[in-house]
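Computed from the coordinates by the stated procedures, all read-outs in this text should not be read as laboratory data. On a predicted model such as this, the values are computed, not experimentally measured, just so you know. Cβ coordinates were reconstructed from backbone atoms using ideal geometry, including for glycine residues, and neighbour counts include every protein chain displayed.
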Amino acid sequence: MDILIIGGGGREHAIAWKVSKSNKVRNIYVAPGNPGIKSENKVHLIEVKDPKVEDYLKIAKEKNIDLTIVGPEAPLVEGIVDEFIKNNLLIFGPNKLAAQLEGSKNFCKKILNSGNIPTAKHQSFTDSKTATNYIKDHNMPIVVKADGLAAGKGVFIMNNYEETCELINDLFDGKIDGIKTSLIIIEEFLKGEEASFICLVSGDQIIPLASSKDHKKLSNGDLGPNTGGMGAYSPTKLIDSKTTNMVIDKIISPTLNELKKIGIEYKGFLYAGLMIDEYKNPFVLEYNCRLGDPEAQAILMRLESDIVDMFLGVANDNLDNIDIKWKNESACTVVLASKGYPGKYEKEKRIEGLDHKVNDTKIFHSGTKTNDGFFVTNGGRVLSVTALGVNLQVAQAKAYDRCNQISWEGKIKRHDIGEKEITNKFIFS
Ligand code: AMP
Ligand code: GLY
């Protein structure tokens with residue numbers, strides 16, 4: 001088979017790496033990919049500048065692609081799946097209506113509420129006066145979310161009334177970089193431990209992937225601004241078999257039912273960002289319609305089965321014969337990022353130390369490019385350094401050892417990926 005993968009970050013690198021191991025696959029085209037992805041077997045990069053759905057369609061037709069896999073959310077929310085299906089092309093991912101679960105926080109909240117699915121209490125607002133009035137009677141902290149895609153930057157946890165009013169005004173006035181919204185959501189702040197629950201869905205069939213946990217805040221101890229994710233590991237005891245069953249029964253199945261009631265069938269990865277409270281009850285913080293980044297890097301490092309079978313099972317509406325096997329070891333992924341991220345960051349810094357070969361470690365490229373034959377930084381998140389170990393402590397130590405062999409001017413990372421799990425510091429431990 002010839003496969004097209006859309007995207008060019010660490011998650012897509014992990015997907016391409018796993019796809020390259022399938023003996024069903026002859027060529028892997030990745031648009032746009034990155035130089036790390038290019039170094040995998042069978043991979044050819046296809047340059048695309050500001051691509052639209054039509055551009056991907058053209059590539060799939062020209063290259064006679066048998067199956068297209070969409071990594072990031074934006075093309076899904078734009079409706080790439082609908083267009084491919086119209087053109088009789090096999091594609092993995094939810095269609096445009098289903099992808100609203102991630103594309104619109106307001107749509108997501110409506111589904112959660114109509115299905116009585118545990119989530120933070122919220123109100124939606126389309127003007128700043130009503131919104132600022134509403135928060136007068138509320139305790140802090142309070143969470144303000146801009147509707148629409150914002151690459152992890154549209155969520156604000158606020159501790160002070162005046163600052164929240166200012167934020168609300170700025171959001172509606174379009175004064176916050178990268179965010180355009182005419183609707184905001186204000187919701188109660190949930191306390192607990194976050195975990196990522198990602199499953200493979202085809203209609204009514206749900207197969208949970210290995211459990212994982214991301215680290216969304218920039219700095220050690222979960223401090224600082226939200227990011228796309230600074231590191232992840234798999235598995236996590238936050239999601240044991242009891243919690244898994246509870247999440248499927250109380251969260252995932254009712255969500256799929258609510259979608260079905262309005263004529264939407266979900267297919268693809270469904271990722272619930274969960275807050276697990278002190279009584280171990282899970283609440284939905286958000287839905288994503290794709291694999292997490294960097295969760296994918298940790299999860300796929302542990303995958304033993306052929307990933308292409310999973311994609312084909314969903315694209316062909318049949319997960320009956322899909323039995324996903326995972327390595328018993330733990331995987332830990334540490335993100336190396338550029339100074340300034342998640343704000344304005346530096347680029348074009350020469351990266352050293354990528355050539356060492358260390359057993360059980362894999363470096364996924366997120367934001368790199370090549371200049372004169374050298375790797376240089378080209379993004380906020382630059383590399384996702386992933387290691388396998390007999391347990392999380394061993395995986396964590398190997399990942400950090402590998403991180404320390406890599407350098408560039410202004411490299412930043414968190415030093416505590418997985419630490420809370422290793423030291424049993426969860427609120428209910
Ligand atoms: P979201 O994009 O909605 O997942 O939000 C990004 C991050 O903001 C989450 O990963 C949480 O760390 C935090 N967050 C979002 N909603 C809440 C909430 N209601 N209570 C506490 N933290 C939240
Ligand atoms: N790691 C969080 C996300 O992919 O949304």
Q. Ranked from highest to lowest mean number of other Cβ atoms within 10 Å per residue, what is the order of the peptides 192-204, 175-187, 281-293?
A. 281-293, 192-204, 175-187
Q. Could you put Glu73, Glu258 in order, starting from the residue whose Cβ has the fewest other Cβ atoms within 10 Å?
A. Glu258, Glu73
Q) Just going by the charge dipole of the chain, with Lys and Arg at +1 and Asp and Glu at -1 on Cβ, which of Ser182, Asn41, Leu76 is farthest out on the positive end? A) Asn41
Q.
Placing +1 on the Cβ of each Lys and Arg and -1 on the Cβ of each Asp and Glu in the chain, which of Trp17, Ile276, Leu89 has its Cα farthest towards the positive end of the resulting dipole?
A. Trp17
(Q) Can you compute 3J(HN,Hα) from phi for each residue in the range 380-392, using the Karplus curve 6.51 cos²θ - 1.76 cosθ + 1.60 with θ = phi - 60°, rounded to whole Hz and x for Gly and Pro? (A) x, 8, 9, 9, 10, 7, 10, 9, 9, x, 4, 8, 5
Q) So for the pair His356, Phe374, with labels modelled 7 Å out along Cα→Cβ, what separation do we get in nm? A) 1.9 nm
Q | Projected label distance in nm at Lys61 and Asn316, using a 7 Å step from Cα toward the beta-carbon | A | 2.6 nm
Q: Place a +1 charge on the Cβ of each Lys and Arg in the range 187-229 and a -1 charge on the Cβ of each Asp and Glu, then give the dipole magnitude about the Cα centre in debye, rounded to the nearest 20.
A: 180 debye
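Using unit Cβ charges (K, R positive; D, E negative) and no other charged atoms, how large, in debye to the nearest 20, is the dipole of the chain about its Cα centre? Display every interim value, and only then the final one.
Values: 55 positive and 57 negative charges, 108 e Å.
Magnitude of the dipole: close to 520 debye.
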Q | Amide proton proximity set for Glu286, modelled H, under 5 Å, gap of 5+ | A | Gly273
(Q) Using each residue's phi in the range 68-78, evaluate 6.51 cos²θ - 1.76 cosθ + 1.60 at θ = phi - 60° and report the 3J(HN,Hα) Karplus result to the nearest Hz, with x for Gly and Pro. (A) 10, 10, 9, x, x, 6, 4, x, 5, 5, 6
